[in-house]
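No value in this document is a laboratory result; all are computed from the given coordinates. These numbers were taken from a predicted model, which means no experiment stands behind them. A quick note on method: Cβ atoms are made from the backbone with ideal geometry, for glycine too, and the neighbour counts reach across all protein chains shown.
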Amino acid sequence: MRKLPLERQVVLGFGLAVLLIVSIAALSYLATGRFVQASRQAVHNAEIIAPLQRALALAYEVETAQRGFLFAGDAEYLVQRNKAIEATRKTLDELRSLSAGDDALLARIEKIAAIVSTRFALLDEVLAARDRSVEQSQTLLARGLGRQEMASLGSEVNALAAERHALLRENATSAHQYGQRVIVIFFVALVVGVALLLLIQALIRRQIAARQQAYDELARSEERQKRLLRELQSANEELTSFAYVASHDLKAPLRAIGSLAHWISSDYADKFDDEGREQMSLLLSRVRRMDRLIDGILQYSRVGRIKETRSRVDLGELVAEVVDLLAPPPHVSVQVGPLPTVHIERTRAQQLFQNLIGNAIQYMDKAEGRIEVDCRAENGEWHFRVSDNGPGIEPRHWERIFLMFQSLAPRDRTESTGIGLSLVKKIVEMYGGRVWVESKIHAGSTFHFALPKAALGGP
């Protein structure tokens, strides 16, 4: 988990907390549901037991009131008897209502109601006998009329009440157990939730401390980078100043040496033999190479530092101008395919093609030399190619030729400074592009460079 980002750790932690809460809520809901159900059943059984016992007591009250009336003849007992009968019937209706949905219980209640009705009918029979004769009614009572029904009623009511008492105790026990479970679940959830939140807090604090440390380290690194950047800018300024001073200080005596060598070669030409003239010619070529080398170094140092205003440049026209400037010999033909118009520094574009085409002309070893320049759009880039049928380059040199002061031909055979291709590479990379070469010995070379369209203002 430590490998995860802080945001994911927090989301994961709170996700676990939510999952825990939902799980505990589900368990609590189930336990609470069972508790509520058990409690309701306990209340229901209690509600049934009370009217059952009341119905039995009212039945006894009816019989007692009737006996009082029969033996005392007081009409007040008769009123009490009738009220008790009415109350008994209401109690039985109440029991029927409480038994709704429970067919077995309702059947038991109806059985009790039937016994009560039978008992009340026998009591009415005794009252009817009294109207005929007091002795007759007393005789019926003495013989125990209705005693069996009354015993049956008591037995049925007590049995049902005992069953409901047992269910009541069972429901109360279940409710108590489920209540205890709810309490345990609550405290477990509380402990686990607090522990999980403390863990999340610890992870967050650890991540914040790590980020703060990384931020402090980044601030120190940025300060070091700023210091190094200032030192680099200072070094670049010193290097620029040195390059200009060096070029001025080097070119002045170099021009003097070149002028003196040319003057000596002209004025004392008749004094030199063939070897002397060859040496003077070699001296003049070395002076020219040194002059081009100084210019090349200056051009290389300016790339990326000295910027000119970009403009829309028709590369087809620019390459035609470069070819005219290079003035290839008659045995070398340069074919230029369709080239795009781009938004670029004109001087940099001219340096690119001048070095690539100039190298192809300089190293051409065929009687009929061919140089082709073309371009195609692919993958959001302008892909340029400069191909020739020259001597070719061995694969082991493909990377080395783009380094400064690297030339594959002997210095005495070609006047190369070894800077041209390194300058090409620097310019291409300045625009976010890439440069590479493909070649085959004795079959020629193809120099590729690709520039992003976005960097050149292309569509």
### Message
Test of understanding: what is the full-extension gain from residue 78 to residue 186, defined as 0.36 nm times their sequence separation minus their Cα-Cα distance?
### Response
32.8 nm
### Task
Determine, from the Cβ-Cβ distance of residue 263 and residue 454 and an R0 of 60 Å, the FRET efficiency 1/(1 + (r/R0)^6), rounded to the nearest 0.05.
0.65
### Task
Give the long-range amide H neighbours of residue 370: residues separated by 5 or more places, or on another chain, with amide H under 5 Å away, using H modelled in the peptide plane at 1.01 Å from N.
333, 389
### Query
Which ordering of 216, 374 is given by a fewest-first count of other beta-carbon atoms within 10 Å?
216, 374
### Summary
Rounded to one decimal in nm, the spacing of the 7 Å Cα→Cβ label points at residue 325 and residue 346 is 1.1 nm
## Note on the structure
In whole angstrom, largest first, the equivalent ellipsoid semi-axes that the Cα gyration tensor gives for segment 307-456 are 24, 17, 15
### Query
How much length is gained on full extension from residue 224 to residue 177, taking 0.36 nm per residue of separation minus their Cα-Cα distance?
10.0 nm
### Message
Under the 0.36 nm per residue contour assumption, what length would be gained going from the current alpha-carbon distance of residue 440 and residue 312 to full extension?
### Response
42.5 nm
## Note on the structure
In this structure, the FRET efficiency calculated for residue 378 and residue 106 from their beta-carbon separation, with R0 = 60 Å, to the nearest 0.05, is 0.10
### Task
Taking H placed 1.01 Å from N in the peptide plane, check which residues at least 5 places from residue 381 or on another chain put their amide H under 5 Å from its amide H.
453
### Query
Based on the Cβ-Cβ distance from residue 148 to residue 170, what FRET efficiency comes out when R0 is 51 Å, to the nearest 0.05?
0.95
#### Entry: Separation in nanometres of the label points that stand 7 Å from Cα toward Cβ, at residue 335 and residue 155
12.7 nm
### Summary
Of the listed links 226/425; 425/453; 366/426, those spanning more than 25 angstrom between alpha carbons are 226/425; 366/426
### Message
Going by amide H atoms built from the backbone, whose H comes under 5 Å of the H on residue 339, apart from near neighbours?
### Response
316
